[in-house]
Amino acid sequence: MSEKILVTRSSMPPFQEYIDEIAPLWESRWLTNMGVKHQELQRNLTDYLGVPHVDLLTNGHMAIELALQAMDLHGEIITTPFTFASTTQAIVRSGCTPVFCDIDPVTFTMDPSKIEALITDKTCAILPVHVYGNICDVDEIDRIAKKHGLKVLYDAAHTFGERVKGQGVGSFGDVSCFSFHATKVFHSIEGGCVCYHDEAFGERLAHLKNFGIKNQEEVDGIGANAKMNEFCAAMGLCSLRHISGEIEKRKRAVERYRSHLTGVDGIQLSPIQPDVENNYAYFPVIFDRDRFGADRDAVMAELAAHDIAARKYFYPLTSTFACYGGKFNAEETPTALRISRSVLTLPLYADLSEADVDRICSIVLNCGT
Ligand SMILES: *Cc1c(COP(=O)(O)O)cnc(C)c1O
């Protein structure tokens, strides 16, 4: 009897390594508020991510939300509905209005050729997502943003550590946000960061994550509490020491998947982007029912019958969430709608064995005709 396979499984550093990392906290009694672990992780990540500045936060969601606030954005933000709930919720919670742009059918990222038609005199920013580790068309988005005087904030939650021609993905746009959630390639249990260029923005963000407090007597922003604590930062320090080995193991699993599923009629895989150092975060598969012989839901049910959990990620489109009261029309982003209805992400984590990948693929292929 084989064990249940979940869609993901957190990477863990050796137990003793984490214990050694947190032991000094019993001496210092400094558990949060930008302590030594926070400072060290911030320095190490600036270096690893290849970005000018990093600020650490409690999670990736607060990174996006407080970055939007620190950029002082008001009005409409052009974004993608093919993303995790967080991206759209951050826009709405910050008082802005999301305007949904369709996606590219190959990379699943925002289609830059559709952006300009959505720009109005209320547009203040573009918020694209590097979906599944696929990098957006950053040059074209940059050109459009400059032409129209718009800010660009990337949701880089899926692209930890990726580089394009050696350049850190977090250095694109005005601001990029990463998530260090337990299920991501790199994690600090919960956590996230904002990468930025402008130091004045960095100061505003640092105040906003600490209640807007500038100093003991001055409060200069309507802030929240989004400081990364020392135990999470310590987990981040341990995770970062092992990251290249973890990515290497994910790469092996992905190559095994590709060896089984490449070239199968009715199956579309994520592209291999030239010049990109990938992090192998997810393994999405798009099923074309007419050509493959089974649809996404049938494949998912068959895997579940074998105790294998795949995930409809991303489904449904964020633009259709009940909390937005039917304000948006998913038919206006037809590619995103089609992909969300036909995508399934298969299990992927560093310790997933090649034998498990083989078994998953044979169940998937057996669903076809
Ligand atoms: C995980 C994720 C987030 C949110 O990050 P948290 O750390 O879980 O708050 C935002 N956007 C995308 C695309 C994500 O995958």
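The values are calculated or read from the model by the stated rules, or taken from the named source; none is laboratory data. These figures come from a predicted structure and were not determined experimentally. Heads up, the Cβs are rebuilt from the backbone with ideal geometry, glycines too, and the neighbour counts pull from every protein chain shown. Side chains are part of the model used for accessible areas, which takes the heavy atoms of the whole protein and leaves out ligands, DNA and RNA. Shrake-Rupley method; radii C 1.70, N 1.55, O 1.52, S 1.80 Å.
Values computed for the structure shown
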item	result
Scan of segment 79-95 for residues that are more than 12 Å from the ligand (Cβ to nearest atom) and open to solvent by 50 Å² or more (accessible area, probe 1.4 Å), ordered by number	VAL92, ARG93, GLY95
Qualifying residue in segment 239-259 (condition: part of a loop (DSSP other than H, G, I, E, B), touching a Pro at 6+ places or on another chain (Cβ under 8 Å) and either open to solvent by 10 Å² or more (accessible area, probe 1.4 Å) or at positive phi (or both))	no
Residues that are assigned to a helix (DSSP H, G or I) and under 15 Å from ALA281 (Cβ atoms), drawn from segment 161-177	VAL169, GLY170
Test: residue in segment 198-220 that is within 30 Å of SER362 (Cβ to Cβ) and away from the ligand (no atom under 16 Å from the Cβ)	no
Residues of segment 178-193 that turn out to be more than 9 Å from the ligand (Cβ to nearest atom), open to solvent by less than 10 Å² (accessible area, probe 1.4 Å) and either over 12 Å from PHE160 (Cα atoms) or not in a loop (DSSP other than H, G, I, E, B) (or both), as a count	2
Top-ranked residue in segment 302-333 [being within 24 Å of the chain's Cα centre (by Cα) and of a type in the set (Lys, Arg); ranked as surrounded by the most Cβ atoms within 10 Å (Cβ to Cβ)]	ARG311
Test result for LEU66, among the hydrophobic types (A, V, I, L, M, F, W, C), within 14 Å of the ligand (Cβ to nearest atom), part of a strand (DSSP E or B) and open to solvent by less than 40 Å² (accessible area, probe 1.4 Å)	no
Residue satisfying all of: in segment 96-135; of a type outside the set (A, V, I, L, M, F, W, C) and assigned to a helix (DSSP H, G or I); farthest from the ligand (Cβ to nearest atom) among these	GLU116
LEU365 being in a helix (DSSP H, G or I) and either open to solvent by 40 Å² or more (accessible area, probe 1.4 Å) or closer than 25 Å to GLU255 by Cα (or both)	yes
Test for LYS327: is it without any contact (Cβ under 8 Å) to a residue 12 or more places away in the chain and either basic (Lys, Arg) or touching a strand residue (DSSP E or B) at 6+ places or on another chain (Cβ under 6 Å) (or both)	yes
Residues that are part of a helix (DSSP H, G or I), open to solvent by 70 Å² or more (accessible area, probe 1.4 Å) and within 25 Å of ALA226 (Cα to Cα), drawn from segment 10-27	TRP26, GLU27
Test result for VAL7, closer than 30 Å to ALA305 by Cα and open to solvent by 20 Å² or more (accessible area, probe 1.4 Å)	yes
Total residues in segment 136-149, condition open to solvent by 50 Å² or more (accessible area, probe 1.4 Å) and assigned to a loop (DSSP other than H, G, I, E, B)	2
Hits in segment 163-177 - residues which are closer than 18 Å to THR80 by Cβ, buried (at least 22 other Cβ atoms within 10 Å of the Cβ) and out of contact with any Ser or Thr (no Cβ under 7 Å at 6 or more places or on another chain)	PHE172, GLY173, VAL175, SER176, CYS177
Filtered residues of segment 102-137 (kept if among the aliphatic types (A, V, I, L, M) and closer than 23 Å to PRO274 by Cα)	ILE103, VAL106, MET110, VAL129, VAL131, ILE135
Qualifying positions in segment 69-78 - among the aliphatic types (A, V, I, L, M) and either within 12 Å of the ligand (Cβ to nearest atom) or assigned to a strand (DSSP E or B) (or both)	ILE77, ILE78
Any hit, segment 51-58, residues being surrounded by fewer than 16 Cβ atoms within 10 Å (Cβ to Cβ) and closer than 29 Å to GLU162 by Cβ	yes
Neighbours by Cβ (under 7 Å, 6+ apart or cross-chain): first from segment 105-126, open to solvent by 50 Å² or more (accessible area, probe 1.4 Å); second among the polar types (S, T, N, Q)	PRO105/THR335
